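*Asks:* Please see the structure below; I have some questions.
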Amino acid sequence: LINMLEPIIKQLEKMHNGQRGQVLLINLEAGKGIADHEDGGDYLLSVRRHHIPIITSPGTKFWVDGESVSMGVGECWEINNAKTHSVINQSDVDRIHLLIDIMPNAIVNDKQRFFYRYSAKMRNTYVS
């Protein structure tokens with residue numbers, strides 16, 4: 001599986017001048033949700049977080065700072081997890097996303113450990 005994902009990961013690493021962090025398949029069961037929250041901690045406030053839906057439905061909505069989106073299968077969305085975000089799966093299908101974190105090299109190389117914050121709430125990041 002990692003061999004199939006490698007070109008996508010490499011493209012995101014190049015786009016953000018960074019290195020891969022976590023690469024996970026995550027499941028949100030049908031009819032479930034994740035309440036409003038902001039992520040915290042050094043790692044989560046430093047990475048550029050991407051969601052790529054593998055299995056989803058129009059009944060699944062992702063909110064970031066009051067804006068909602070229904071992500072399509074295969075689209076790559078960068079999420080600012082420092083902003084308030086939530087998700088609801090109001091369908092009868094489990095939602096499966098590929099989650100890819102990219103740690104910018106500026107953070108990896110900075111001995112002072114500054115925290116990279118970007119202002120966008122979320123955006124569609126096209127990868128081929």
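The values are calculated or read from the model by the stated rules, or taken from the named source; none is laboratory data. Worth saying up front: this structure is predicted, and the values here are computed from it rather than measured. As a convention, Cβ positions derive from the backbone with ideal geometry for all residues, glycine included, and neighbour counts pool all protein chains shown. Accessible surface is based on the protein model in full, side chains and every heavy atom, while ligands, DNA and RNA are left aside. Shrake-Rupley method; radii C 1.70, N 1.55, O 1.52, S 1.80 Å.
*Asks:* Looking only at the range 42-59, count how many residues are of a type in the set (A, V, I, L, M), in contact with a strand residue (DSSP E or B) (Cβ under 9 Å, 6 or more places away or on another chain) and not in a loop (DSSP other than H, G, I, E, B).
*Replies:* Initial filter on the range 42-59 (of a type in the set (A, V, I, L, M)): 44-45, 47, 52, 54-55.
Checking which are in contact with a strand residue (DSSP E or B) (Cβ under 9 Å, 6 or more places away or on another chain) leaves us with 44, 47, 52, 54-55.
With not in a loop (DSSP other than H, G, I, E, B) added as a condition, the list becomes 44, 52, 54-55.
Total satisfying the criteria: 4.
*Asks:* Of all residues in the range 1-41, count the ones that are part of a helix (DSSP H, G or I) and either of a type in the set (K, R) or touching a Lys or Arg at 6+ places or on another chain (Cβ under 9 Å) (or both). It would help to see each step written out before you state the result.
*Replies:* At the first step, the residues of the range 1-41 found to be part of a helix (DSSP H, G or I) are 2-16.
Adding the requirement that they be either of a type in the set (K, R) or touching a Lys or Arg at 6+ places or on another chain (Cβ under 9 Å) (or both) leaves 9-10, 12-16.
Residues meeting the conditions: 7.
*Asks:* Here is a follow-up. (1) at pLDDT 95 or above; (2) of a type in the set (D, E); (3) open to solvent by 30 Å² or more (accessible area, probe 1.4 Å): which one isn't true of D101, the others all being true?
*Replies:* Against the list (1) at pLDDT 95 or above; (2) of a type in the set (D, E); (3) open to solvent by 30 Å² or more (accessible area, probe 1.4 Å), D101 comes up short only on (3).
*Asks:* Continuing with the same structure: Take the residues in the range 1-48 that are open to solvent by 40 Å² or more (accessible area, probe 1.4 Å), within 19 Å of V87 (Cβ to Cβ) and of a type in the set (D, E, K, R), then tell me which one is nearest to the chain's Cα centre (by Cα).
*Replies:* The extreme case among them is E38.
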